[in-house]
Amino acid sequence: AAKSAGRNGYSYFTPALQQAADLRRATVREMRLALAQDQFEVHYQPIIRLCDGSIERAEALLRWRHPLRGLLLPADFIAFAEANGLIIDIGEWVFRQVVSQARQWQAAHGAVFQICINKSAVEFRCDAALYQDWGNALARAGLAPGAIIIEATEAVLLDETRPVADRLRQFRAMGLALALDDFGAGNTSLACLKRGDLEVLKLDPSLVRELGAGGAAPAVCAAIISLAQGLGLKVVAEGVETAAQRELLRAAGCDYAQGYVFSGAVPVEQLSAMLAAGRRF
Ligand code: C2E
Ligand code: MG
Ligand code: MG
Ligand code: MG
């Protein structure tokens, strides 16, 4: 069947498929242009230390200020960029932005201000050469090891095939820290926690959402938190939306939290202002 489809494949290439292909090509062009014209922006969501409400770190979240469609969220364009490999160039751009921003915040506020960057599975499947200069970029910026944290999902961290495992080692070797993102979303296993090189575990909003609604959720979260901390990890709860959730997480010993109860992702200037004001939540 595959063979006959292959031989006659073009006969199925109807006007509708042709149109879809044209649209894809046009969108790829549009995204390349967006990169060249700086239409992408990195917004930063503050990550709060639960014991004192201070802003200890931030997560870099990509936005696309589209000239016609307004401010687009990752859900509008990341999957497309992954499918077309453009995510590699975008990821490179995000890294440069974040390194330069981290350097500025470090200079302005003295202490190391850690920033988390998300990386898709595709970004771990390419070859080493792509990331060759990243170590130098970190050194030139004077950033301490661990100042930049790479967030990856379990699927990536448990992938022991060649390019992925090699990229993870390469990132570690250049002083990037690793975080396990979306823990508790879908079918999570504990296998990931056995990696010796993880620094952060991020509790998925799906777990946090159930806190404060009664039931076993607080006990489940508390157990995960102490398990992770026992392994030397810091725990960040994501999607914290209510004061009750915040309080339950604090009581459970959770280290950090991010979510709308504190602040969503904001443009650089806004986080700079919060840091300069010594803002606490
Ligand atoms: P993520 O890594 O799990 O990021 C957290 C998402 O939760 C963000 O969505 C954030 O805006 C949202 N969020 C923050 N506070 C709350 C809250 O209180 N409640 C709820 N329900 N959600 C909250 P966003 O910015 O739309 O990003 C979506 C996903 O896109 C991210 O999920 C991340 O995996 C991906 N992404 C973002 N930036 C990049 C990037 O530069 N590169 C790559 N490869 N992926 C990225
Ligand atoms: Mg994340
Ligand atoms: Mg993520
Ligand atoms: Mg997440």
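The values are calculated or read from the model by the stated rules, or taken from the named source; none is laboratory data. Everything numeric here is computed off the predicted structure, so don't read it as measured data. Quick reminder, even Gly has a Cβ in these numbers, built from the backbone with ideal geometry, and neighbours come from all protein chains shown. The protein model used for the area step is the full one, side chains on, heavy atoms only, and it has no ligands, DNA or RNA in it. Shrake-Rupley method; radii C 1.70, N 1.55, O 1.52, S 1.80 Å.
Just a few scattered comments:
- Residue count for the range 242-260 satisfying the condition of being surrounded by fewer than 18 Cβ atoms within 10 Å (Cβ to Cβ) and within 16 Å of ligand 4 (Cβ to nearest atom): 1.
- Residue list for the range 82-136, restricted to those being of a type in the set (K, R) and either within 16 Å of ligand 4 (Cβ to nearest atom) or closer than 19 Å to I55 by Cβ (or both): R103, K119
- Among residues of the range 78-93, those that are open to solvent by 20 Å² or more (accessible area, probe 1.4 Å), part of a helix (DSSP H, G or I) and either touching a residue at least 40 places away in the same chain (Cβ under 8 Å) or not aliphatic (A, V, I, L, M) (or both), counted: 7
- Residue list for the range 221-241, filter: assigned to a helix (DSSP H, G or I) and surrounded by 15 or more Cβ atoms within 10 Å (Cβ to Cβ): C221, A222, I224, I225, A228, Q229
- Residue within the range 173-192 that is within 14 Å of ligand 2 (Cβ to nearest atom) and open to solvent by 40 Å² or more (accessible area, probe 1.4 Å) present: yes
- Residues in the range 139-173 that are under 17 Å from R96 (Cβ atoms) and within 18 Å of the chain's Cα centre (by Cα): A147, I148, I149, I150, F171.
- Residue check for A75: within 16 Å of ligand 2 (Cβ to nearest atom), in a helix (DSSP H, G or I) and of a type outside the set (K, R): yes
- Residue in the range 193-215 that is away from ligand 2 (no atom under 16 Å from the Cβ) and closer than 16 Å to K119 by Cβ present: yes
- Set side by side, the residues N187, N118 differ, and just one is over 18 Å from the mean Cα position of the chain (by Cα) and either within 16 Å of ligand 3 (Cβ to nearest atom) or of a type in the set (S, T, N, Q) (or both), which is N187.
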